[in-house]
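Bear in mind that the values in this text are calculations on the coordinates, not laboratory data. Only a predicted model underlies this, so the values are computations on that prediction, with no experimental measurement involved. Virtual Cβ from ideal backbone geometry, glycine too; neighbours counted across all protein chains shown.
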Amino acid sequence: MRKAVLLLSVVILASAGSFAETLSLEQARVLALANSRSLAQYNMQIRSSILDERNQLYSMLPSLSAGYSASMSFMDKDWGFINPVDTFNSGASFSLKQIIFQGGKTFIQKAISSIATDGVRLSALSEYYSVLDSVDSAYFTVLEAAASLEAAESSLQTAVLSLSMAEIRQSSGMINQGDYMRAMADKEDRENSRNQARRTLALNMTRLKILTGLTETTELEQIDFSAYEDALGRLAGISDEEADALYDNLLKELAKSNPSLARAALSTQSAEKSFSITKRDYYPTITAEINVRGPTYSKAGGYAEPTPSGSVTISGSIPIDFWVMANRIEKSRISRDRAALDFTNAGIQLETDLQSALLNAFAQAESVLSSRRSLQYIEKHFEYVMERYRLSQSSVSDLGEASSLLISSRNSLIKASYGFLQSLSRLRSLAAFEDEEKLMNILMGT
């Protein structure tokens, strides 16, 4: 979180006012982190938990107190009025109290408070990567919608050209009324698709603006897909043995750095210590207390020096209602066992999430390469059909089918490309990597 704030300051100083023109993925991440209310709440929770930890530490220190009293009387024992000044009496006192022994419960409670603080920090770290996931997804979705809109505009222009040619041919009697109506319907359908793409882009941009806190629509920097060519080739053609080795390497990283798994481990430690505290309720409590009286002053006796007095109080309590204590211990034991099961489930869930994310990355990489090859063939097919349409050797239906196939293939490539980027973002968040470079090195086996 501190790095995010620092990076935000650097970006703002280096490019003040530029967000209104262009927005890079890194800038969007920084803005989303700084604008996240959930991270701000976690920041306050961390501060509150640190204060709780300090309170637990302070409870181990001596308890100090000071007092002062003063009194005057205006009536004697015979119910007669007297001068209050003659009966003035005042005094001060000071006491120090220290718990010497409490069965070790104070130190365990201090450890539990420390674990709670670490747990909140890990929750904040988990939310940190959740925010990064959200802004990455929003950013890629906007770029995907923009690319789909561009493809829809191109398809609409093709339909407009087809309709204009159909009008000429229909007026000269080269095509029938049915083919002309087909050309008009195709143009209307492509225009409707273009309008839907516009609405989708506007909606996705609104979501991105909410995440980043921007108030104006900005142009997003395009992603350089050439930087992922090697990764695409490796993941698309990865063997089963290489996939297993990659999974093992990533799982080792996740076991060390995944905040959800670490938080589950801390919960197990906290439950174990709470169980230990419950079992120590039989231990006695030993308290030492020192009291100091004075100085005092009275109208009759004058000033008196302080009179120290000390005492050591030993108190212990052993409950007689053993069934209540046994019930509390059993309940604490169940909480401990549940925490252990939660830790096991967290590990299984993490393995499942990693397996799912890796398989998705493999599938998206294969889809990108296959969609790219398919688009090349379909573009050549469309050029062939368009040329035949110009020469009146292909019908309106032939051109419409070729155009539909072209835009479908383009959208498939667009969806696969940004889906691949989102799969990388998911893997990075699972492994809690600060940047993508480390993830790419592991994926490439370097």
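Counting only other residues whose beta carbon sits under 15 Å from that of residue 147, what net charge do I get with K and R as +1, D and E as -1? Walk me through the intermediate numbers first.
On the way: positive: 194, 198, 372, 410, 415; negative: 144, 150, 153, 219, 221, 224.
Around residue 147, the charge tally is -1.
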So, in nm, how far is label residue 356 from label residue 274 when the simple model puts each one 7 Å beyond its Cα toward the Cβ? 2.8 nm
What is the gain in length, in nm to one decimal, between residue 38 and residue 174 on full extension, counting 0.36 nm per residue of separation less the C-alpha to C-alpha distance? 42.4 nm
Segment residue 223-residue 331, extension gain: residue separation times 0.36 nm, minus the distance between their alpha carbons: 33.4 nm
HN-Hα J in Hz across the stretch 168-173 - Karplus 6.51, -1.76, 1.60, θ = phi - 60°, x for Gly and Pro: 5, 6, 5, 5, 9, x
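Could you work out how much longer the chain between residue 157 and residue 70 gets when fully extended? Use 0.36 nm per residue separation minus the Cα distance between them, nm to one decimal. Could you put the intermediate results ahead of the total?
Numbers: separation 87, 0.36 × 87 = 31.32 nm, distance 9.67 nm.
Taking 0.36 nm per residue and subtracting the Cα distance, the gain is 21.7 nm.
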Sequence-distant or interchain residues sharing an amide H contact under 5 Å with residue 220, placed H: which? 23
A correct Karplus calculation of ³J(HN,Hα) over the stretch 344-351, with 6.51 cos²θ - 1.76 cosθ + 1.60, θ = phi - 60°, whole Hz and x for Gly and Pro, returns 4, 5, 5, x, 5, 5, 5, 4
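Among the listed pairs 273/331; 252/415; 256/331, which are separated by more than 20 Å between their Cα atoms? Spell out each step's value before the answer.
On the way: 273/331 14 Å; 252/415 31 Å; 256/331 31 Å.
In this structure, 252/415; 256/331 lie more than 20 Å apart at Cα.
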Net charge of neighbours whose Cβ lies under 14 Å from the Cβ of residue 219, counting Lys and Arg as +1 and Asp and Glu as -1: -3
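Based on alpha-carbon positions alone, could you give the equivalent ellipsoid semi-axes of the stretch 127-223 from the gyration tensor, as √(5λ), descending, whole Å?
41, 10, 10
Tell me the net charge near residue 377. Cut-off is 14 Å between Cβ atoms, residue 377 excluded, with +1 for each Lys or Arg and -1 for each Asp or Glu.
On the way: positive: 372, 373, 380, 410; negative: 379, 383.
Summing Lys and Arg as +1 and Asp and Glu as -1 gives +2.
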Label-to-label distance, nm, for residues given as residue 349 and residue 408 (7 Å Cα→Cβ offset): 4.0 nm
